[in-house]
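What follows is a short report on a single structure.
Values in this text are rule-based calculations from the coordinates and carry no lab data. Keep in mind it's a predicted model, so treat the numbers as computed, not measured. When we count neighbours, we look across all protein chains shown, and the Cβ atoms used for this are built from the backbone with ideal geometry, even at glycine.
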Amino acid sequence: MSGKRKFGWFRRDSDRHEELEDKIEEEIRNEVIERSMKLQEQRRRLEEEKANLEALKEVSDLPQKEIEKISREVRSRYRNPRRVKKKKPTIQRGRGIYFAIASIIIVVLAVASISTVKVIRDSRMKNDLRIRVDARLREAVEKGLIETVKFSVKSGANVDTRDENGTPALILALQKGYKYMARYLIIKGADVNAEDLNQNSCGNTPLIEAVEKGYDDIVKLLISKGADVNAENSEGKTALSYARERGYTEITELLKQAGARE
């Protein structure tokens, strides 16, 4: 009885430790993302303030010069009243309105330009961040680092990212023998019909790779996610062909039940 109690206490303590580790990893991840976003926001605000100052300087020069010109003309008319024409003040007022309208248009265009620059800059920042997390995911899959894979996916990495040879992350995980990693990528939405574009490969799909490895549980999962059981590689072989060649009777029956053609 005491042995069972001790075993139960050890299991509860192990569960608590795992929960604590998950909580710590979650807090670290949130803190990293939050600080990164704050830094990006500070840089964006500084750049926006600089752009606003430059735009206002360009706009403010025009009205000031025109006001000085109008002031000189009005003063000259009062000094020489005989030369004053009736329509001249109207013309001057009209010009002032035109310049005021032009100034407003310039301000609007400057603000629109700043907004456009901001949108483009934010888009580039997001794209750069996506490229970095995708590269981190590919490296983690290559090295079999499952925790880094999870962190990268949670940070926005593309689960269908490919390496420099054109091999999808899911197929690469299967080729490396990382079943748990492959299962995680499938659950997270990886393309179950993605073809290996590596020129040195046979153009296998994830299902064909799983069959070649004899991973019957992965085969079941892929079929449940909509994998094409009749897809062929560059050699014209299907998953059923490989299952028969290797004598995987259970996998052969799974494929037939899923509609694989003879």
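With the crude spin-label approximation of a point 7 Å out along Cα→Cβ, what separation in nm comes out for Glu18 versus Arg45?
Those two pseudo-labels are separated by 4.3 nm.
Can you compute the charge dipole magnitude of the stretch 199-262 about its Cα centre, using +1 on each Lys and Arg Cβ and -1 on each Asp and Glu Cβ, nothing else charged? Give it in debye, rounded to the nearest 20.
Working: 8 positive and 11 negative charges, 15 e Å.
Using only the charged Cβ atoms, the result is roughly 80 debye.
For the pair Thr116 and Arg246, what calculated FRET efficiency results from E = 1/(1 + (r/R0)^6), where r is the Cβ-Cβ distance and R0 = 45 Å, to the nearest 0.05? Provide the component values of the computation, followed by the final result.
Working: r = 59 Å, r/R0 = 1.30.
Taking R0 as 45 Å, the efficiency between Arg246 and Thr116 is 0.15.
Multiplying the sequence separation of Lys220 and Glu235 by 0.36 nm and subtracting their Cα-Cα distance, what value in nm do you get?
Working: separation 15, 0.36 × 15 = 5.40 nm, distance 2.38 nm.
Length gained, Lys220 through Glu235: 3.0 nm.
Between Glu253 and Val107, what is the label-to-label distance in nm when each label sits 7 Å out along the Cα-to-Cβ direction?
8.0
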